[in-house]
2 protein chains.
Amino acid sequence: MKELQKVINRIIERVNVNLRELDIDVNSYIGEIIPLNQLVKFYGFYGITPHHPLDFDFRYSNLAGSCFLGKCSVNNSVIYKSDIRGDELKKRGEYFEYNGYKIPINDDEIIKIIDSLLVKTLVHNYSHDPENLEEFLIKNSISLHYANIHGSKIEGCFVLPFSTIDLTTGHDCIIGAFSYIQAEEIEHLDIKDGTVWVRNKDDFNFFYRFNEGILKKYINFEPNKRPQGIFMDFVEERKLDFEHIYDKVKSKTDINIPYGASIDRYALVKGNTRISENVLVAQRAYIQDSIMGKGANAQEHCYIINSCLEGYNVTAHGGKVINSMLGQKVFVGFNSFLRGKPDAVLTIGEESIVMPHTIIDLEEKVDIPKRHIVWGYIKNQKDIESNSASIDNFLKIKEGAIYGNLIFKGNGEYFVRAFQNRIEHILEANGAYFDGNRNRGHAQNNQNISFNIIQPYPEGELEGLYPTINIKPLMPIQNN
Amino acid sequence: MKELQKVINRIIERVNVNLRELDIDVNSYIGEIIPLNQLVKFYGFYGITPHHPLDFDFRYSNLAGSCFLGKCSVNNSVIYKSDIRGDELKKRGEYFEYNGYKIPINDDEIIKIIDSLLVKTLVHNYSHDPENLEEFLIKNSISLHYANIHGSKIEGCFVLPFSTIDLTTGHDCIIGAFSYIQAEEIEHLDIKDGTVWVRNKDDFNFFYRFNEGILKKYINFEPNKRPQGIFMDFVEERKLDFEHIYDKVKSKTDINIPYGASIDRYALVKGNTRISENVLVAQRAYIQDSIMGKGANAQEHCYIINSCLEGYNVTAHGGKVINSMLGQKVFVGFNSFLRGKPDAVLTIGEESIVMPHTIIDLEEKVDIPKRHIVWGYIKNQKDIESNSASIDNFLKIKEGAIYGNLIFKGNGEYFVRAFQNRIEHILEANGAYFDGNRNRGHAQNNQNISFNIIQPYPEGELEGLYPTINIKPLMPIQNN
C-alpha cells in the first residue's frame, strides 16, 4: 500500500502549492478521509462498443469503482468511484464555435487526468475551454463526493462535496460545497459554500447564495470529517442497494426496456417502475416506483423515487426527484434536491427549468406553474414567490432584476435562450428524439456495452495501484 | 462477427498449408464446430499479483473464457476457454541445462500465440525447446478440447481432443485424440489416436497404443462433429456447476483453506471436502466430497470426486480420479481417467506412478500395490498384470522389455528417474513443501490474485474480437 499513499500525498502537496494564495491546507481537510481499504477492494471498469473511440491509458493510478468510456488517460491519480464518460468528446475534423470563431479540432479529444484525486466525482462531456479544445485536462486538483466536473478544464482546484464546475475553465480555485459555477473562466477564487453563479461576461450574471445555516443541514464539510448532512445521508442510505449489481459480471433486469431505450448495466431500477421509449438511465442512477415518460433521462447519480416524469425530461447529473410530478420537458439541474412527501407532492408544470443546485424540500404540497424558472431554497408554496419567475417575465429583463436573494444582471432573454438551447442539445445527445432511424443518441448507442473489469495489485508495495494499462482500437488484420 | 470468422478461416488455411504433406483438410474437421456465439458471450481474464511479471499483449484475437498469468502475447488467434499460465516462465539471467549445455537466458520468456486456434486447451509451463528458450511459441496451430500443450513449442500442428504434447518441439504434426507425446522433437508425423509415446533419443522409448474400438467409447472425433464419448460426457455433465463461479466478479467459498494452501478463484470445490496445508487447487479443477492431503495438488481441468489423496499427490492437468484411494506421492499423469465405483474402489499404493493417458475404469475393486508404474487400459484386477510393473523391476531393465501392449526399449532406470525427478519438481514448484518460510510455490504465490475481466466488442463487424490490450508493470513514479 506504501506506493498508493505516496501517490495521495503527492497530489495533496501539488494542490496545496497551486492554492498557496488562498491560504488553505488541503491535507487538513482530506488527509484522514480517503478510504484506503476501499481503494484496494473495489474494481474499476471501462466500456467497449463499436460506437465510441477506444483509447485508454492508465498509469500509476488507482481507479477503484470508476468507469471509463471513450478516450481517456489517467496518470499518477486516484479516481475512486468516479463516473467518467467520454462519449461526447470532440473528434478530429469537427469545428468548435465560440463567440463567432469557428475553431477546427486538430485531434480526437482526450480526457486527461494528471496528479489528481477524484472521489465520487462525475467527469463528463468535453472541454469548453476554447484554448484547449483537444484536451479535457484535470490537473493538480482534488474533487470530492458527488461533485461534477462538467466540460470544465481545471488546474489546481479543490472542488468540494456536491459542487459543480460547469463549462468553466478553473485555475487555482476553491469551489465551495454545493456551489454551482458556470462562469467561462475563473482564477484564484475562493468560492463560498452554496454559491450558484451563472455568468456570461458579455450578457448576464445570475448570482444566488444559500443561507449558511440552512445549507449546513444539507451538506456540511469540515476538516478531517466525512461530509455530513441530509445529502450524504440520502445517498448512503441507498448505497447497499447497488452492491449486488457490482457483484455480478453481467447484469440482468426484469424491467421491460422498450425500443430505443437503455438502462445502464450499473444503474439500479427497482419497484414498480415503467420505462418508455428513448429513455436513458445512466450508470449509478437510481429509479424506484416511478414512471419515466418517452425520451426522459436520468443521468449519473440521479435518484428518481415515487415520481412521474411525463416525457423529454432532463434530470442532470446528481439530480434527485422524490414524490414529484414533472410535466413534459421539465429540466432539473445538477445536484438539485426535489423532495415532496406522499401527502405533500411537488408538481412542476411543463417546460419549467429547475436551476442547478436548487433545494425544494417540502413541508406542504407545492405547485410550480408551467414555463417557470426556479432556484434557491423552497419548502412551501409561499417560497415560490421569491424563488421563481415565469420564463416570459425573465425574457423581458433588459438590465437586471432582483428576486429574493437572487441578483440577476444583464439580459434575461440571453440567459433563458442559453438554458433552453442547452436542454435541447442534451435531449438530442441522449437520443430522446430517436425515430427508429434518425436522431440516434446515447440511449441507442449505449445499449450494448461490454464492460471490462480491472483491479489493482492485491498485495505488496503496489497494493491498490493498477498496472499500466493501454487499450487501443484494432488495427486491420494483414492479408497475406 | 464478420472479422472473427475471417480470423478463424485464416488460421485453418495456415494450418492446412503447414500440414499439406499429411493430406488432411482441417476445415472438414472443425469448420462447423467452433461455437461462434460463445466466443462472443464469454469473457476472458488475466491475473495480477506482485509475484508474476506482468506483460500482456492481445491483438486481433478472441480470448473467450481464457486466463492469462505472466508474460503472454496473443495475435490473430482464437483462444477459447483455454487456461494459459505463465507462472513458470524462464527469467532473464537464469540458465537452462540441456544435455550438458548450460544455456544463459537472454530475456524474460514469453508465451507467444500467433495465428492459432486453441479450444479448451491448457498451455502451461515453459518452452523446453533448447533452440527457443525465450519464446514459448504456438504458431499456425489448432488444438482442441481438453488437449494440453505443455512446455512444447509447436508450429503447424493439429492437436486433437484430450491429447497432450509434452516437452516436445512439434513441426507440422497431427497429434491424435488422447495421444500423449513426450519425444523431444517431432516433424511431419501423423500420430494415430491413443498413442502413448515417451522417448528420450539416447536412453529409452516407451510406446503403447490403445485398442481403437475401446478408445472410441471414451473419445471419438470425426469430421464436423463435436468430440464424443465418455470423456466428453463426463466433462459436460459437470459444466453447469461452474456457471455461478463465472457470474460473479469475486468468489466466496465456505471451504476452510488452511495455511499455505490455495484454491483458485475459478476452481470448484463442493460437497464434504477437506483441504489440507499446502494444497493447490488450480483453476477449473473440480473437487467433490474428497480429502486432499497435505501438499496434494489438483491441476487445471482435474476432477477429484469421492476420493482420498493422502498427501503430496500430483494430479496432472486433466487427470480424473473418482472413487479412489491414493497413497502418499501417487502421481496421476495428464488426462488419465481413474474411475472406481462406490462398491468397486480403486486403491493405489504410495509412490506409484500412473502414466499420462491411462484409463482405469473399474468393473470390480482393484488394488495397485505401492511403487508401481501403471499404464494403458485397466478394468479389473487381472488387467494389472499386463498394465503395470513395480518400479524396482523397471529399474533393472537394461535393454528393453515387453508387458502386454507396452513396448519399452532402452534403460529402465533412466526412464524411472526422469519421472521421479519431474514429480519432485512439480511438488516443489507447486509449494507442497512450504514450511511457512522456505519452499514457496504456486500454492502460496497464487493465494491472492486480482483477476481482470476482459470482453470483446459486443456488436458490429468486430463483434467477438477484443480490442488491442497492452498491460505492463508500473514504472516507478517520478519524484519531484
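Values quoted throughout were computed directly from the atomic coordinates according to the rules given, and no laboratory measurement underlies them. Please read all numbers here as calculations on a predicted model, not as lab measurements. Methodologically, a virtual Cβ is constructed for each residue, glycine included, from the backbone with ideal geometry; neighbour enumeration extends over all protein chains shown.
Give me the Kirkwood hydrodynamic radius of region B:204-268 in Å, from all C-alpha pairs, to one decimal place? Mind dumping the intermediate values first?
On the way: mean 1/r = 0.0638 Å⁻¹.
Taking every pair of different Cα atoms in region B:204-268, averaging 1/r and inverting gives 15.7 Å.
With +1 on each Lys and Arg Cβ and -1 on each Asp and Glu Cβ, and nothing else charged, work out how big the dipole of region B:192-235 is about its Cα centre, in Debye to the nearest 20.
Details: 8 positive and 6 negative charges, 25 e Å.
For region B:192-235, the charge dipole is close to 120 debye.
How charged is the neighbourhood of A:K248? Take every other residue with its Cβ under 9 Å from the Cβ of A:K248, and add Lys/Arg as +1 and Asp/Glu as -1.
On the way: positive: A:K250, A:K252, B:K248; negative: A:D247, B:D247.
The answer is +1.
Which chymotrypsin sites (Phe, Trp or Tyr not before Pro) in region B:227-306 sit in a loop by DSSP (not H, G, I, E or B) and have at most 13 other Cβ atoms within 10 Å of their own Cβ?
Working: sites: B:F231, B:F234, B:F242, B:Y246, B:Y259, B:Y266, B:Y286, B:Y303; in loops: B:Y259, B:Y266.
Within region B:227-306, the qualifying chymotrypsin sites (Phe, Trp or Tyr not before Pro) (loop, at most 13 other Cβ atoms within 10 Å) are B:Y259.
Using every Cα-Cα pair within region B:251-444, state what percent have a distance larger than 30 Å. Let's see the in-between values first.
Numbers: 3478 of 18721 pairs.
Counting every Cα pair in region B:251-444, those more than 30 Å apart make up 19 percent.
If you take every residue apart from B:E350 with its C-beta less than 10 Å away from the C-beta of B:E350, what net charge results, scoring Lys and Arg +1 and Asp and Glu -1? List each step's numbers first, then the result.
Details: positive: B:K329, B:K370, B:R371; negative: B:E310, B:E351.
Its environment carries a net charge of +1.
Got the A:N437 label distances to the other copies yet, label 7 Å along Cα→Cβ, in nm, shortest first?
Distances to the matching label points in the other copies: 7.9 nm.
Looking at the square roots a ≥ b ≥ c of the eigenvalues of the Cα gyration tensor of region B:146-213, which shape do they give, rounded for a/c under 1.5, prolate if a/b is larger than b/c, or oblate? Numbers along the way, then the final one.
On the way: a/c = 1.61, a/b = 1.07, b/c = 1.51.
Oblate shape, in that a/c is at least 1.5 and b/c is the bigger or equal ratio.
Charges at C-beta only: +1 for Lys and Arg, -1 for Asp and Glu. How large is the resulting dipole of the protein assembly as shown about its Cα centre, in Debye rounded to 20? If you can, show how the numbers build up before the last one.
On the way: 106 positive and 126 negative charges, 239 e Å.
I would put it at about 1140 debye.
Kindly provide the trypsin sites (Lys or Arg not before Pro) of region B:214-293 that DSSP labels as loop, not H, G, I, E or B, and whose Cβ sees at most 16 other Cβ atoms within 10 Å. Walk me through the numbers before you get to the answer.
Working: sites: B:K216, B:K217, B:K225, B:R238, B:K239, B:K248, B:K250, B:K252, B:R265, B:K270, B:R274, B:R284; in loops: B:K225, B:R238, B:K239, B:K250, B:K252, B:R265, B:R284.
The qualifying sites are B:K225, B:R238, B:K239, B:K250, B:K252.
Under the Kirkwood approximation applied to all pairs of distinct alpha-carbon atoms, what is the hydrodynamic radius of chain B in Å? Intermediate results must be reported in sequence, preceding the final value.
Values: mean 1/r = 0.0443 Å⁻¹.
Averaging 1/r across every pair of different Cα atoms and inverting gives 22.6 Å.
If amide hydrogens are placed 1.01 Å from N in the peptide plane, which non-local residues have theirs closer than 5 Å to the one on B:F68?
Here B:F45, B:Y46, B:G47 satisfy the definition.
Please give me, ordered by residue number, the trypsin sites (Lys or Arg not before Pro) of region A:71-167 that lie in loop per DSSP and have at most 14 other Cβ atoms within 10 Å.
Working: sites: A:K71, A:K81, A:R85, A:K90, A:K91, A:R92, A:K102, A:K112, A:K120, A:K139, A:K153; in loops: A:K81, A:R85, A:K90, A:K91, A:R92, A:K120, A:K153.
Sites meeting the loop and neighbour criteria: A:K91, A:R92.
If you put a point 7 Å past Cα along the Cβ direction, how far is that point for A:N405 from the same point in each other copy, in nm, smallest first?
In ascending order, 9.0 nm.
In region A:154-307, if the dipole is taken from +1 on Lys/Arg beta carbons and -1 on Asp/Glu beta carbons about the Cα centre, which of A:N200, A:L240, A:C157 is farthest to the positive end?
Going by the charge dipole, the pick is A:L240.
Region A:329-476: Rg/Rh from Cα coordinates, Kirkwood Rh?
On the way: Rg = 22.2 Å, Rh = 19.0 Å.
Ratio of gyration radius to Kirkwood radius for region A:329-476: 1.17.
For the protein assembly as shown, just run the numbers: alpha carbon Rg, then divide by 2.2 N^0.38 Å, N being how many residues it has.
Numbers: Rg = 32.7 Å, N = 960, 2.2 N^0.38 = 29.9 Å.
Taking the Cα Rg and dividing by 2.2 N^0.38 Å, one obtains 1.09.
Which distances in nm, rounded to one decimal and ordered from shortest, link the label point of A:E97 to the equivalent label points in the other identical copies, with labels set 7 Å from Cα toward Cβ?
Inter-copy label distances (nm, one decimal, shortest first): 7.8.
Which residue, A:N445, B:I305, B:T121, has the largest displacement toward the positive end of the dipole of the protein assembly as shown when charges sit on each Cβ (Lys, Arg +1; Asp, Glu -1)?
Of the options given, the answer is B:I305.
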